[in-house]
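Notes for the one structure printed next.
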Amino acid sequence: DQQVKQNSPSLSVQEGRISILNCDYTNSMFDYFLWYKKYPAEGPTFLISISSIKDKNEDGRFTVFLNKSAKHLSLHIVPSQPGDSAVYFCAATAGGGTSYGKLTFGQGTILTVHP
Amino acid sequence: DTGVSQDPRHKITKRGQNVTFRCDPISEHNRLYWYRQTLGQGPEFLTYFQNEAQLEKSRLLSDRFSAERPKGSFSTLEIQRTEQGDSAMYLCASSLGTRQFFGPGTRLTVL
């Protein structure tokens with residue numbers, strides 16, 4: 001039961017252009033969403049997050065959009081840089097109680113930014 | 001370096017052997033998580049501690065797996081009678097809130 005899905009295994013973009021990574025979820029209890037970036041031989045690194053009470057959160061070149069009715073979120077990177085090349089994971093969590101903070105991850109999308 | 005550390009980084013073992021991994025979280029973090037990641041997949045939740053109390057265990061965590069956090073600081077994950085299907089990256093994370101900070105992981109290979 002894949003509750004968080006990233007349907008694009010890979011994405012290739014030109015340096016300076018926009019990268020859009022997508023994520024869908026099925027569990028209505030999820031109320032907080034995070035994006036992580038992972039380089040080979042390293043653990044995931046937090047990028048940006050969004051609460052379900054918002055529909056947009058921006059941090060520098062990174063913006064996350066949340067569409068609760070569609071159970072869909074996306075990460076926009078503008079402008080894309082070669083150093084952004086990595087695997088990007090979408091994650092979700094349901095707040096409250098003892099489940100607080102347990103993350104459910106998507107399968108990941110490999111982003112390649114070409115110079 | 002005050003990040004999450006894991007030891008060892010790599011472990012190769014033969015099927016049937018026991019292995020133990022260690023995780024040292026960021027010192028002020030009260031929550032500690034273990035995840036497992038296999039090739040082409042995202043990390044999957046295994047178990048979670050708040051201080052020394054183990055609050056949740058995934059169905060993925062069979063009876064061969066045990067985790068401890070005896071003093072609410074470092075944690076160990078032990079796998080008994082390893083199987084080839086246990087080959088994966090084992091990730092530890094710690095947090096104070098919703099943002100979890102991950103260690104570099106321990107890559108386990110079971111021959």
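The values are calculated or read from the model by the stated rules, or taken from the named source; none is laboratory data. Only a predicted model underlies this, so the values are computations on that prediction, with no experimental measurement involved. Every residue, glycine among them, receives a Cβ derived from its backbone with ideal geometry; neighbour counts consider all protein chains shown.
Tallying residues that are among the charged types (D, E, K, R), farther than 18 Å from residue B:80 by Cα and in contact with a Ser or Thr (Cβ under 6 Å, 6 or more places away or on another chain) within the range B:11-55 yields 2. Only one entry of B:75, B:94 meets the criterion of being away from chain A (no Cβ under 12 Å) and either surrounded by 14 or more Cβ atoms within 10 Å (Cβ to Cβ) or under 28 Å from residue A:47 (Cβ atoms) (or both), and that entry is B:75.
The single residue among A:40, A:79 that is within 14 Å of another protein chain (Cβ to nearest Cβ) and in a loop (DSSP other than H, G, I, E, B) turns out to be A:40. In the range B:1-26, the residues that are at positive phi form Cβ pairs under 9 Å with partners that are of a type outside the set (Lys, Arg) and surrounded by fewer than 15 Cβ atoms within 10 Å (Cβ to Cβ), at six or more places apart or across chains, as follows: B:16/B:83.
Every condition in (1) buried (at least 16 other Cβ atoms within 10 Å of the Cβ); (2) at pLDDT 95 or above is met by residue B:109 except one, and the failing one is (1).
Considering the range A:28-37, the residues that are hydrophobic (A, V, I, L, M, F, W, C) and assigned to a loop (DSSP other than H, G, I, E, B) include one that is farthest from residue A:4 (Cα to Cα), namely A:29.
Comparison of B:22, B:36 shows that the only residue that is closer than 26 Å to residue A:49 by Cα, of a type in the set (Lys, Arg) and assigned to a strand (DSSP E or B) is B:36.
Screening the range B:39-57 for residues that are part of a strand (DSSP E or B), of a type in the set (S, T, N, Q) and surrounded by fewer than 21 Cβ atoms within 10 Å (Cβ to Cβ) and picking the one that is farthest from the other protein chains (Cβ to nearest Cβ) gives B:54.
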